[in-house]
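Since the structure comes first, as structure tokens, the remarks are kept for the end.
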Amino acid sequence: MDHYLPQTSGSSDTSNAVFPTEHLNGRRTEDCERFFNEGILRKGTLLEQALPFRELSLVAEASRRSRDPAYSVHRWWARRPPLVMRGLLLAASLPGDVDAETYWRLFESSQPALNGLHVHDPFAGGGSTLVEAARLGASVSGTDVDPLAVEIIKHEIEPVDQHAFSRAANLLLQFLRRKLGHLFFDPDAEWTPVHYFYLHEVICPGCGQGGTLYKDLVLARRSSKGGSVVRKWAITAFCPNCFGIHGLEQSDRSQLHCCGKRYPLYSGTYTRKGYSCPHCGHRSNHAELQSGNAPRRLLAIEETRDGSPRRIRQPDPIDVELLDDARRYLIKHKHEIDIPKYEFERDRVDARPVSYGVQHLRELFTDRQIALFGHAFRWLEENLDADIRVNQALRLALSNALATNNRLCSYARDYGRLAPLFSLRGYALPAMPVELNPFHVSAGRGTLKRNFDRVQRSSTKVIQRHCWDTTSGEVRSFVADYSTGVQEVDVLCAPAHAIDRTLPRPQDICIFDPPYFDNIAYSELSEFYRGWWTNNELGGTPLAPNGHDPIGSFGHALAKEVKPMVEALNPDCPLAFSYHSATRDAWEAIGVALDDLQLLVTALWPVKTDSHMGLHAADGNCEWDIIVVCRKRSVCENTELTIASADEWIERLHPLFVRGSDRTSMNLAIRMASERFGVPNTLEKI
């Protein structure tokens, strides 16, 4: 018996490939519509037969530091690489015998290759699938239980008018500067503050003595790294006794001399093992110290002046008085300010930040920051623009600015810039928190101006991207123009299964990234943003395993959410999703979901989606997703999965690196699929 098998990219026989020009220029004639359906019915999809997974992975890796303005408006934690999703969408729309040159020509083209098709994503998240589908000319719909995700996607697909947004943003910035500028800086001063450094003052639970928490004495270093700021001193450090600030000329200095003593520069009271009390030696972690609510000492201020290297100085009495002024300002103007009343959920997957002693959202912000955002969100409600997209864009800009204006920000001392909250996804509590001057006009990552500029740039339609060059066999860059308007957008804040009666039918393409069995709870992270919004409730319960029956509960719940999509999908078209996990339970849960849905796996592909960046650079984390392609069991016949182990994939992926955790994930996926593999019984045999 001949088998319908996944092929290596470029291995398909393309001599008889049929591909009408109507699909290339986006004109969906009746003949082209019939070709789409009949071609997929007779020959299967490229997504099943010959997805160029190695080439897509190389494109994703080359693009990992490229910024697409549409996706830079607001932080999201689970966004799949846009170019990978673009490649999957195209492959799902093309017959399996389309040649590689045609596929990559469509990949690079700005023409609406999916015009006339409908794409749905039941777990829309950061919006990569829907945005790329809209750019390809499809009408799109989706759901997500997180209102933050829904707002982000709506803006990504239907961005704001740049001029209207600029006018509104300037009015808001002027209002805030007039109200609060005096709490951050003196407009007549020669130097302008950009960063404020603090130390936590904690009480040892062992002896009851107070102390300051710090990892080492170094505040900043002069660096030759690209993007670093200009500094006068090789090292800027502080004395742990008198808290004086010292500039050191030698970059190899290991000690600081002050107060008649010698202090090691690179040691302190806090390490990964916790706080070591200088009085009794007792070790404590943040939860035991309740560091999130500990008093803070203003240690230093970093300032800028045109034409001069940055300087870091000790605070003077006026700087300390400004902090008291901010407290008094909040009391005096509390009726003019929207102070968030949001209280963090207690039953959490990740105990932070509640474990740090933080109960309410407002406790993650300084008095100045509360006044800033409290005024800003109130102004937004009282000055609504006629264009609803302007209001939505302003809210996203302010929301994104929260991540760089809070008490959990740290400092990249070699570069001279602030490290935002969620740089490593979770609620990490820095030993030395840093406050930003949000009104600085030329420096400081995360200022209000920079967040407004980011939103304005998101409307840019011409961007640089990467593609596979079939002639040279390498990745190359190209310029894409996505000026063509989208056809239809419908994104709801709701669980996936809630649209079983309203989902347009039939659906042509469904490619999604479901919640992961053992991943971070993104709804807990989005609390930080949603708590400032008037409507901040989730649209449903996030999908997560139950502790009593983790495999079964997750698998059955996932099937319930996806079932309406399976029923609405064009019977000639496959369904696909991305997944990864180095734990057996996670893949067994996927098997439970497929069995509930009566689906068989028709193809598996490894694609690199997180390229040695951030949290994914650590051992034990997965950088590769497995693309699982499925069809209804009723239209398939069981057969044997020909790939035996991940080694066969890894050999074909050279020179891309596959770590041990990804090898495990790949083998678990193969094991899950081997019991549920089939081929469509209507396909021509190859």
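The values are calculated or read from the model by the stated rules, or taken from the named source; none is laboratory data. Since the structure is predicted, the reported quantities are computational estimates derived from the model, not experimental observations. Neighbour counts run over all protein chains shown; Cβ positions are idealised from the backbone, glycine included. For accessibility, only protein heavy atoms count, side chains too; no ligands or nucleic acids. Shrake-Rupley method; radii C 1.70, N 1.55, O 1.52, S 1.80 Å.
Structure data summary
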| read-out | value |
| --- | --- |
| Gyration tensor (alpha-carbon) shape descriptor, the chain, a/c threshold 1.5 | prolate |
| Accessible surface of Val475 - all protein chains present, 1.4 Å probe, nearest 10 Å² | 50 Å² |
| Accessible carbon and sulfur surface of region 165-269 relative to its total accessible area, %, 1.4 Å | 47 percent |
| Portion, in percent, of the accessible area of region 96-159 that falls on carbon or sulfur, probe 1.4 Å | 41 percent |
| Normalised contact order of region 152-220, rounded percent, pairs of Cα under 8 Å and 6 or more residues apart | 14 percent |
| Formal net charge of residues neighbouring Asp338 (Cβ-Cβ distance under 15 Å; K, R +1; D, E -1) | +3 |
| Relative packing of peptides 404-417, 59-72, 277-290 - highest average C-beta neighbours within 10 Å first | 404-417, 59-72, 277-290 |
| The chain: angle of helix 448-457 to the longest principal axis, Cα-based, in degrees nearest 10 | 20 degrees |
| Radius 15 Å from Cβ of Trp233, net charge of other residues (Lys, Arg +1; Asp, Glu -1) | +4 |
| Rounded accessible area per residue of the chain, 1.4 Å, Å² | 41 Å² |
| Ranked packing of 248-260, 137-149, 624-636, 45-57, most packed first, by mean Cβ within 10 Å | 45-57, 137-149, 624-636, 248-260 |
| Region 73-118-region 141-177 distance, computed between alpha-carbon centres (Å) | 26 Å |
| Beta bridges by DSSP in the chain, antiparallel share as percent, to the nearest 5 | 80 percent |
| Surface share of carbon and sulfur [accessible, 1.4 angstrom probe, percent] for region 423-469 | 50 percent |
| Table column - 3J(HN,Hα) (Hz), region 286-295, Karplus curve with 6.51, -1.76, 1.60, x for Gly and Pro | 4, 5, 5, 7, 6, 4, x, 10, 6, x |
| 23 Å Cα-Cα threshold exceeded, pairs from Lys179/Lys332; Lys154/Lys563; Lys215/Lys273 | Lys154/Lys563 |
| Relative contact order (%) - criterion: Cα under 8 Å, at least six apart; region: region 381-482 | 20 percent |
| Ordering of 203-215, 595-607, 443-455, 328-340 by burial proxy (mean other Cβ atoms within 10 Å per residue, highest first) | 595-607, 443-455, 203-215, 328-340 |
| Among beta bridges that DSSP assigns inside region 403-529, antiparallel share in %, nearest 5 | 100 percent |
| Sequence-separation-based contact order of the chain, relative, with Cα cut under 8 Å and 6+ spacing, percent | 18 percent |
